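Everything on this sheet refers to the single structure shown next.
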Amino acid sequence: MYDLDKGTVNVSAMYNTRHHTVDSSVVARGDFWRLESSRGGSNNGNDNAPGFLIQLGPLLFVRDSTTLLLPINLSKQHLIWYAYDHKAFMDVEFSNGQFRYVAGEGITASGFLPLFGGLLQAHGKIPGETKLSFSFKIGRSKLNGEVGSSGVVVTMEKPLDNMGPPSLSVQLNGGLEF
């Protein structure tokens with residue numbers, strides 16, 4: 001019924017001119033499994049700790065804790081509840097956006113619109129900042145961190161909360177299927 005031999009691996013590195021950071025990640029996934037690891041300067045306040053995740057079917061391991069992933073589909077909306085590091089988590093994904101709540105960290109929302117061959121995206125966090133970005137791809141890379149083939153993603157980002165200058169991010173992706 002399912003071909004368990006198929007999978008993809010994507011390696012990416014990104015430089016951000018606003019924070020002067022280099023982030024890197026490796027994502028490997030198949031039909032019933034997923035492995036992710038990331039390291040860099042923008043790990044959401046986790047003291048620059050590397051992010052690590054293993055998923056085997058409904059079982060999810062995040063760093064050294066074990067959690068149960070419970071996906072629920074509700075009329076073309078994807079709602080996921082699970083806990084990690086003793087925090088409750090809710091994620092609702094729409095066709096052109098996402099809403100996420102993490103206990104103790106707040107609410108984030110984003111929406112995007114294809115525009116001029118790229119992707120215009122608004123992103124807000126409560127508490128936190130609101131920003132507007134425009135991304136375009138060169139090659140076969142995919143936007144929003146999805147696994148894709150080799151290429152480059154260039155993003156221009158402007159915070160809306162302050163009058164700071166816009167920043168530029170360049171992400172290099174390399175991927176393969178097996």
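The values are calculated or read from the model by the stated rules, or taken from the named source; none is laboratory data. Keep in mind the model is a prediction, meaning the values are calculated, not measured. We place every Cβ from the backbone using ideal geometry, glycine too, and count neighbours over all the protein chains shown.
Exactly one condition in (1) over 23 Å from H20 (Cβ atoms); (2) at pLDDT 80 or above is not met by K142; state its number.
Of the numbered conditions (1) over 23 Å from H20 (Cβ atoms); (2) at pLDDT 80 or above, the odd one out for K142 is (2).
Looking only at residues that are within 19 Å of R18 (Cβ to Cβ) and assigned to a loop (DSSP other than H, G, I, E, B) in segment 145-163, which one is modelled with the lowest pLDDT?
Going residue by residue through segment 145-163, those that are within 19 Å of R18 (Cβ to Cβ) are 145, 152-163.
Applying the additional criterion that residues be assigned to a loop (DSSP other than H, G, I, E, B) yields 145, 160-163.
Numbers: G145: 50, L160: 86, D161: 79, N162: 77, M163: 74.
The extreme case among them is G145.
For segment 102-124, what are the residues that are surrounded by fewer than 16 Cβ atoms within 10 Å (Cβ to Cβ) and either under 15 Å from the mean Cα position of the chain (by Cα) or β-branched (V, I, T) (or both)?
I107, G111, A122
Y84 versus (1) at pLDDT below 70; (2) surrounded by 14 or more Cβ atoms within 10 Å (Cβ to Cβ); (3) more than 23 Å from S24 (Cβ to Cβ): which is the lone unmet condition?
(3)
This table checks each residue for (1) modelled with pLDDT of 85 or more; (2) over 20 Å from V154 (Cβ atoms).
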{"residue": "V26", "(1), (2)": "yes, yes"}
{"residue": "Q55", "(1), (2)": "no, yes"}
{"residue": "R100", "(1), (2)": "no, yes"}
{"residue": "G106", "(1), (2)": "yes, yes"}
{"residue": "S110", "(1), (2)": "yes, no"}
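List pairs: first in segment 6-22 and in contact (Cβ under 8 Å) with a residue 24 or more places away in the chain, second in a strand (DSSP E or B) and aromatic (F, W, Y), Cβ under 9 Å, 6+ apart or cross-chain?
That search, which allows pairs on different chains as well, returns G7/W33.
Do we have P166 as within 18 Å of H20 (Cα to Cα), more than 15 Å from the chain's Cα centre (by Cα), surrounded by fewer than 17 Cβ atoms within 10 Å (Cβ to Cβ) and modelled with pLDDT under 90 here?
Yes; evaluated as a whole, the condition is true for this residue.
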